[in-house]
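Data first, discussion second: the structure below is written as structure tokens.
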Amino acid sequence: VYGWEMTLLEPVDYWRRVPPRWKPYWHFHNVPVNSALDSPDSPLRYIQQLAGPQDFVAFKLDIDHPDMEMPIALMLRDNPELFSLVDEFFFELHFRCEVMTSCGWGKRVPSESHGLQLVRSQVLRYFIALREKSGIRAHI
């Protein structure tokens, strides 16, 4: 498990909640992610450097800010070297949706990010394209 969190956390409290048997496999970075593939804080760089075709890779992208998430999601969709390494993609993409407005998404969601209109029909098209192009099992 590789995880990033930009909100500063107290390390002792954080690690106390990680089950002891998982600690050897747990890698936590208390810094924001970076979408640039050459950045040491890029989750896609970690996937590219550590995963092989024989590995099962599940990638969850949940930053709660489309302008941070979309470059990563688009790079995954458009880069064959990356999408060939990811088997399962969980993406909590915030988009304009009347059902989710009352759940906190509200007016914080921009109308578009990096060329993608953040409305249900366009978001579903992104996921369909990702599945068809890459074969990744992608979930919203």
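Values quoted throughout were computed directly from the atomic coordinates according to the rules given, and no laboratory measurement underlies them. Since the structure is predicted, the reported quantities are computational estimates derived from the model, not experimental observations. Please note: Cβ atoms are built from the backbone with ideal geometry, for glycine as well, and neighbour counts cover all protein chains shown.
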- request: Specify the inter-centroid distance of the range 67-85 and the range 123-140, based on alpha-carbon positions, in whole Å.
  value: 11 Å
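If you put +1 on each Lys and Arg Cβ and -1 on each Asp and Glu Cβ, how big is the dipole of the range 14-94 around its Cα centre, in Debye rounded to 20?
560 debye
In percent, what relative contact order does the chain have, based on Cα pairs under 8 Å that are 6 or more apart in sequence?
19 percent
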- prompt: For residue 112, which sequence-distant residues (separation of 5 or more, or a different chain) have an amide H within less than 5 Å of its own amide H, given hydrogens modelled in the peptide plane?
  reply: 118
Selected from 39, 29, 94, residue furthest toward positive end of dipole (the chain; charges at beta carbon): 94
field: Label assignment, volume of the Cα convex hull per residue in Å³ derived from the structure, set (1) 130; (2) 114; (3) 177
entry: (1)
task: Please report, in debye to the nearest 20, how large the charge dipole of the chain is about its Cα centre when each Lys and Arg carries +1 at its beta carbon and each Asp and Glu carries -1 there.
output: 340 debye
